Amino acid sequence: MASPAQPATAQPPLHLRIALVTVGFSAVIGQIILMRELLVASYGNELSLGIMLAAWLAFTAVGSNLFGRLFRRKLPSRVLAALLTASALAIYFAIFLVRSSRAYWNASPGEALGPVPIIVTTLFTLAIYCPLSGWLFTAGSRCYAEHMPEISYATSSMYLLEAIGSAVGGLLASLLLLRLFDSLQIATIIALVNVLVAIFLTASSKLARTALTLIVLIAGATMIVISSRLELQTVARSWPGFHVVAARISPYGALAVVETEGNRSVIQNGTILFTVPDLAAAEEAVHFPLLQHPSPRTVLLIGGGLNGSIAEILKYPTVERVDYVELDPAVIRISRDHFPQLWASLIADRRIHIHELDGRLFLNSTPLRFDVVILSLPEPQTAQINRFYTEESFQEVSAHLNPGGVFGFQMHASEEYLNPQMKAFLRCLNATLQRAFAHTITIPGEVVHFIATAQPALLTTDPQLLLTRLDQRGVRTTFFRDYYLPFRITPERVTSLAESLKPTETTRINRDFVPIAYFFNIELWSTQFNSRYRDAFNTIAKIPFAAVIWAIFALLLISAVTNSSRRVAAGYSVAMMGLTLMVLEILLLLGFQAVYGYVFNELALIIAGFMIGMATGSWLALRHTENRNSIRLLWLTQVAAVVVLLAVTPLIVGMGKLTAFGLPTIFLHAVFLVFAVLCGIVGGFQFPIGMRIFSHVRQPASPGTLYGLDLFGACVGALVISMWLIPVFGFYKTAGIVALANLGPILLAARTPRNS
């Protein structure tokens, strides 16, 4: 039975619509805060990120579907107000819980948590907040339906208003909140906004509303001041046994300075960036590559300069210029404030040039060439770090080396034995390096050094020759000396390592858009805890592409011969659209990282672009008043999603090549933003169509049911795509797999009768 999509009744009051926008606003900012906190607690590897996002979506789906059924009848505004207040306060408790989790698991700074602690911590933390966030969607839909009896239109309008709030929240967080406030202060601001909205929803008179608003504003301002003092105390719970000197949040991560036994370490997102003093690490990182060059004059150091590495570089009498690139300006500021002597020595030397910029962006924008380039970053535990160890990155380094220039980086390994997972990981990096450089060597030890050049007969693994060069150049060292190198670099160990890391026909190459190295790194990380994790990753990595395609064909066959109801077709389509949008979002984010680096502000803008697109698509769908074509619109929108996926993927990959033509950065950023808006429009348009189909049957479903299916599809996408398909198969094959899988709901919906 057809009915108009938009009832001819008055719009709900303004304060209710503002409250529904606030739902999306507070949810997206809460997500940013808690995901960053969980990232710090879990060491920030790609597995933890996939688990977090999947758990977030799953719990939100549970809240929207299960809890939403608790209020099947009219929902008073005061209940919506109570949920807004409760969700804001839940963020405080969740932050406290996640900051206490490492102490519960007895983890020290720099120690990686295993899969079980990560999963348990994530589930317990998100179980506090996310169900409330999902419940708010259903509650908001029912409140809207009190003024707009058409439940499908009310739910679709809630979807639209939540998307608007999410877009505003993402923009505000990236451009303002993360720059000026810490996590507890941001949580206080969210609580303040939610409570004020709750007052306007429930206050019985203007006088009461004004009085309560003043009280809340005063209390909120006081809490913001108090929160800045509580921040350091709660961060200290993450590092039991250590004195937390400072904590700071930046647009690029959570930073902390911890002190023990006279040493201070700077930690970013759970990973130790550097320790002061740490002469052994500084000497090893610097001298192996510098001694390979006959007379280094210009040196580029990407990361790791504040542990003493720059001072070691400047010991070489021929060095005239050192360019040090550090992405996060907060790392520079925290070093200036808490390592004043080190900082004073850096700014006093005119040979040192500090750049607050992503390392690859620096290489793509500078005309400078260097004698030696040293990459001193952590292992590729995430896609963000992995992009520095790809063929494209190594080619960029090669293009900025002077004739006879040397490039070096290092990876933690093992002194005596390399297990199969470690060999596969290091062999992948070695094979990738050899795609960009004609001549490479590897130096064995607990830290394996990779050194490369284009000039033949330049590199050496002879310890005596390296010691002679060290002496001739007048470089005085503490650890990198005659009693150390001959033991470290024996011919047998050098030969054994070279044989172990020699690429084979099956060795994978790490690329920007096929980031296999971070999958190998996750597999290697898993071997620290349980062989079952290792076996699981091995099994996943060995699944052939053809097997995935045949499995999808089997599902397509089932869809082609199955008769279904309109509701089943709508649910299947919306769930697959949720998965597809998550794939598009991950492709855009990883593609943006590959081109520009981890620039959190721009990434947040891309997410905001998605939400703007979803709001636009929802608005367009709500303007369609005819229901008889809903099924047709459903599968046509699914086809549009496939077209967008197949069109945007090669464009994302091509953006990396456009940077070489010197196009303005703002133009390239705008292109990514347009991609995000376009992708969001497709998904936003389908949800109201699906909700219309869901509601126009004899037994209308809960408003949260379809929303829960949307989130479930996105949950599956977050877990499978980021942890398996993209790193193992790359961008193109992943897009092909997802596009093929979308044919299932298309076939099912196309065969569904309009009146079933």
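See the values below:
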| quantity | calculated |
| --- | --- |
| The chain: radius of gyration and largest Cα-Cα distance (Dmax), Å | 27.7, 91 |
| Vicinal HN-Hα couplings computed from phi for region 450-462 (Karplus, 6.51 cos²θ - 1.76 cosθ + 1.60; Hz; Gly/Pro x) | 9, 10, 9, 7, 9, 8, x, 6, 9, 7, 9, 10, 7 |
| Per residue value of the accessible surface for region 717-756 (all protein chains in place, 1.4 Å probe), Å² | 34 |
| Kirkwood Rh (inverse of mean 1/r, distinct Cα pairs), region 194-269, angstrom | 15.3 |
| Between helix 46-65 and the chain: long-axis angle, C-alpha atoms, 0 to 90°, nearest 10 | 10 |
| Length added when fully stretched, L555-A127, from 0.36 nm per residue minus Cα-Cα | 150.8 nm |
| Using a Förster distance of 22 Å, the FRET efficiency for R229-L207 (Cβ separation, nearest 0.05) | 0.05 |
| Relative contact order of region 261-389, defined on C-alpha pairs under 8 angstrom at six or more residues apart (%) | 27 |
| DSSP beta bridges in the chain [antiparallel fraction, %, rounded to 5] | 60 |
| ³J(HN,Hα), Karplus 6.51/-1.76/1.60, whole Hz, each residue of region 11-26, x for Gly, Pro | 5, x, x, 4, 5, 6, 5, 5, 4, 6, 5, 4, 4, x, 4, 6 |
| Approximate shape of region 181-233 as ellipsoid semi-axes (Cα gyration tensor, √5λ), whole Å, largest first | 26, 10, 5 |
| Under 18 Å from the Cα of K423 - aspartates and glutamates, other chains or at least 8 residues apart | E379, E415, E446, E492, E499, E505, E523, D535 |
| C-alpha center-to-center spacing [region 280-324, region 180-224] in angstrom | 53 |
| Vicinal HN-Hα couplings computed from phi for region 720-728 (Karplus, 6.51 cos²θ - 1.76 cosθ + 1.60; Hz; Gly/Pro x) | 7, 5, 6, 9, 9, 4, 5, x, 8 |
| Whole-number D in µm²/s for region 419-478 (Stokes-Einstein; Kirkwood sum over Cα pairs; 20 °C, 1.002 mPa s) | 160 |
| Share of carbon and sulfur in the accessible heavy-atom surface of region 368-498 [1.4 Å probe, %] | 52 |
| Label-point separation, A438 to T490 (7 Å along Cα→Cβ), nm | 3.4 |
| Summed residue charge, Cβ within 14 Å of P329's Cβ, Lys/Arg positive, Asp/Glu negative | -1 |
| Gain upon complete extension [T460, K502; 0.36 nm per residue less C-alpha separation] | 13.4 nm |
| Per-pair calculated FRET efficiency, R0 = 41 Å: E356 and V639 via Cβ, rounded to 0.05 | 0.35 |
| Built amide H within the under 5 Å cut-off of I354, gap 5+ | Y324 |
| Share of alpha-carbon pairs per 10 Å distance bin for region 284-369, given as whole % | 16, 51, 30, 3 |
| Distance in nm between pseudo-label sites at L217 and A399 (7 Å out along the Cβ direction from Cα) | 5.5 |
| Percent of C-alpha pairs per 10 Å bin, region 119-271, short to long | 9, 25, 33, 20, 9, 3, 0 |
| DSSP loop chymotrypsin sites (Phe, Trp or Tyr not before Pro) with at most 10 other Cβ within 10 Å excluded, longest remaining stretch of the chain | 1-416 |
| Region 339-404: relative contact order in percent, alpha carbon pairs under 8 Å with at least 6 residues between | 36 |
| Mean Cα-pair separation over length for the chain, i.e. relative contact order, pairs under 8 Å, 6 or more apart, % | 18 |
| Potential extension, A670-R481 segment - 0.36 nm per residue separation minus Cα distance | 62.8 nm |
| Rough spin-label spacing in nm, given labels placed 7 Å along Cα→Cβ, for I540 and R321 | 4.5 |
| Cα gyration tensor shape for region 477-568, rounded if a/c is under 1.5, else prolate or oblate | prolate |
| Rounded if a/c under 1.5, otherwise prolate or oblate - region 376-467, Cα gyration tensor axes | oblate |
| Compactness relative to 2.2 N^0.38 Å, alpha carbon Rg of region 272-430 | 1.03 |
| Charge dipole magnitude, Cβ of K and R +1, D and E -1 - the chain, Cα centre, debye nearest 20 | 2620 |
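The values are calculated or read from the model by the stated rules, or taken from the named source; none is laboratory data. None of the values given here were measured: they were computed from a predicted structure. Virtual Cβ from ideal backbone geometry, glycine too; neighbours counted across all protein chains shown. The accessibility values were calculated without ligands, DNA or RNA, using every heavy atom of the protein model including side chains. Shrake-Rupley method; radii C 1.70, N 1.55, O 1.52, S 1.80 Å.
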